[in-house]
Amino acid sequence: MIENFLAGSAALFGDPFTIGIFVFGVVGGMLFGAIPGVSMLTLAAILLPFTASLEPAQGVMLFAVIYCTGTYGGAITAILFNIPGSAENAPTAFDGYPMTQKGQSGKAVGAAVLCSAIGGIASALVMMAATEPLANWAIRNIGPPEIFALVFFGLIVASSVGARTIWKGWMSVLIGLLIATIGQDPVGGINRYNFGMTDLAAGIAFIPAILGFFAVSEIFVQAEKKASGKYQAPKVSMTFPSFIELWMHKIAVLRSILVGFFCGILPGIGATLAAFMSYGEAVRWSKNPEEFGKGKLEGVISAETANNAATGAAMIPLLALGLPGGALTAMMVAVFQMHDLQPGPLVFMLSPDLIWIVFAAMFYANLSILIIGVLETKTILNLLKIPFQFLAPLILMLATTGAYIGRGLVLDVMVMFLAGIIGYLLRRSGFSIPAIVLGLILGKIGEQNFAQGMQMVHYDLGTYFSRPICAILITAGVITLASNIYRAFTSIKTKA
């Protein structure tokens, strides 16, 4: 493994043109990841036709690097302005933005930089050592029933994040699930709740909804405070977390790496579920779960470690079995096919040089997050010095552009502002925006996998419990739900 890695590194840095492609991928992924609504997928889609003129190793390597740094890039705006660059950065905003409001922006961004690099590097190392056996295990043991059980468990945990009471937490999750039902159902293709609008047949797009619930609702909240004289400008902080602070969260980092890697190797799941699941697990294992959503460093650490740990893991089913784990890895299949290659077991035998250049590039891309991320942070933090009356229109302009550019629909802009108004009203009433967003994102995944799973087990729901992983996750979810309800009733009796 070490010899192959060194050979891949030599090939990567032995050619000036290849170095240029690597640097472009690193910087481009970070920039596009940090622009709300655009994301690394936009950059990848633009570059896809141009990869035909590159060497196969250069084309695949470019997309792999964009994947690594693009996943990190969205954390910056999530922390500073409550605008997640993409769906996998949404959990980062849960505690990252409250930390900015407390004057701890530097600490939050510093943790995101370091933990993104740690998660990505750890994932790259495991990817190099165990791609083929891990992919084979996942394919044999993980199917739609297990993915549905994972989503079920994630939704149970989400109900305890950010709401004033467990009941409002559950209502928040249900609101998200209700929004997720808009569009065609995954089995019969029947339109639901689209009100006769053909553009809603595909459902509510994630990015406009996320921008509305986070960015627009936050503008309304801060505008209300400004009007009432309660507004306080966020303090610019350049203080990064100390080694001791990070060492205190070593268990959270290790747990998040495992969660991120597990979610990453599941085809079709990837970094988004990894970030939400890791954040949920941090809440579940915390002695003070009520502190999450109010500016807790562990929340940022858990989300950013996990979503970057999923990047290397997502390459495992792609390279070992030819199964893409998400939209960007699906584009990588197209890059392979442009050069008459097919990802899968034969690639390891026929093109080992290509594989190890990609592995080395992903390792160094995650390492570069440390260097470039720190430099980028010192520049971007100065944006917090802009007065609110100038910053708010700028954020709204960016959010509106991000909502429109994804599908080119005015409807998405309308959805964003409607979500912003609803989010503002729900936040005032003590509901949980993170739980709503999680219900929206996981609802579609859960429904589709439940339908596929029921077809697999011939509509015998009891068969789910005969599958060990599925049974463990569902049982853990039920126990968590029961304990939450018990704590809620106990607190009511105590107050009485």
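The values are calculated or read from the model by the stated rules, or taken from the named source; none is laboratory data. None of the values given here were measured: they were computed from a predicted structure. A quick note on method: Cβ atoms are made from the backbone with ideal geometry, for glycine too, and the neighbour counts reach across all protein chains shown. Accessible surface is based on the protein model in full, side chains and every heavy atom, while ligands, DNA and RNA are left aside. Shrake-Rupley method; radii C 1.70, N 1.55, O 1.52, S 1.80 Å.
Order of 456-468, 217-229 by packing, highest average Cβ count within 10 Å first?
Going from most to least packed, we get 217-229, 456-468.
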For V60, what charge total do you get from the other residues with a beta carbon under 14 Å from its beta carbon, if Lys and Arg give +1 and Asp and Glu give -1?
-3
For Q184, enumerate residues with amide H under 5 Å from its amide H, sequence gap 5+ or separate chain, H modeled in the peptide plane.
R192, G203
At a threshold of 8 angstrom on Cα-Cα distance, excluding pairs fewer than six apart, so keeping six or more, what relative contact order does the range 48-133 reach in percent?
19
Kirkwood hydrodynamic radius of the chain, from inverse mean 1/r over distinct Cα pairs, in Å:
22.8
Take the Cα of N4, step 7 Å along the line toward its Cβ, and report every residue of the range 349-377 whose backbone nitrogen sits under 14 Å from that point.
349-361
Only Lys, Arg (+1) and Asp, Glu (-1) charged, at Cβ; the range 1-490 dipole about Cα centre in debye
1740
Run the quick spin-label model on A451 and D340: label points 7 Å from Cα toward the beta carbon, then report their separation in nm to one decimal.
4.0
Note on the chain: contact order normalised by length, alpha-carbon pairs under 8 Å, 6 or more apart, percent, works out to 29
Given points 7 Å out from each Cα along the Cα-Cβ axis, report the V221 to I421 separation in nanometres with one decimal.
2.0
Set Lys and Arg Cβ to +1 and Asp and Glu Cβ to -1, take the dipole of the chain about its Cα centre, and tell me which of W356, P98, A10 lies farthest positive.
P98
Residue-span extension gain [M349 to F390] - 0.36 nm each, minus C-alpha spacing:
9.0 nm
Please identify which residues in the range 465-484 have an amide N closer than 16 Å to a label point set 7 Å out from the Cα of W167, following the Cα→Cβ vector.
484
Just the Cα atoms of the range 435-496: what Rg and Dmax do they give in Å?
15.9, 49
To check my understanding: the extent here is largest minus smallest coordinate of the Cα atoms along each principal axis. What are those three numbers for the range 41-86, in Å, largest first?
39, 16, 9
In the structure displayed, which of K385/K444; K107/K444; K225/K385; K168/K294; K107/K226 lie more than 28 Å apart, Cα to Cα?
K385/K444; K107/K444
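Could you state the accessible area per residue of the chain in Å², with a 1.4 Å probe and every protein chain left in place? Let's see the in-between values first.
On the way: 20530 Å² over 496 residues.
That works out to 41 Å² for each residue.
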What list of ³J(HN,Hα) couplings, whole Hz, do you get for the range 457-465 from phi and the Karplus terms 6.51, -1.76, 1.60, once you set θ to phi - 60° and write x for glycine and proline?
9, 6, 6, 9, 4, x, 5, 4, 7
Sort 408-414, 441-447 by packing, meaning the average of other beta carbons within 10 Å per residue, with the highest value first.
441-447, 408-414
A 1.4 Å probe over the protein heavy atoms gives the chain a carbon and sulfur accessible-area percentage of 69
Selected from A275, T42, A227, residue furthest toward positive end of dipole (the chain; charges at beta carbon)
A227
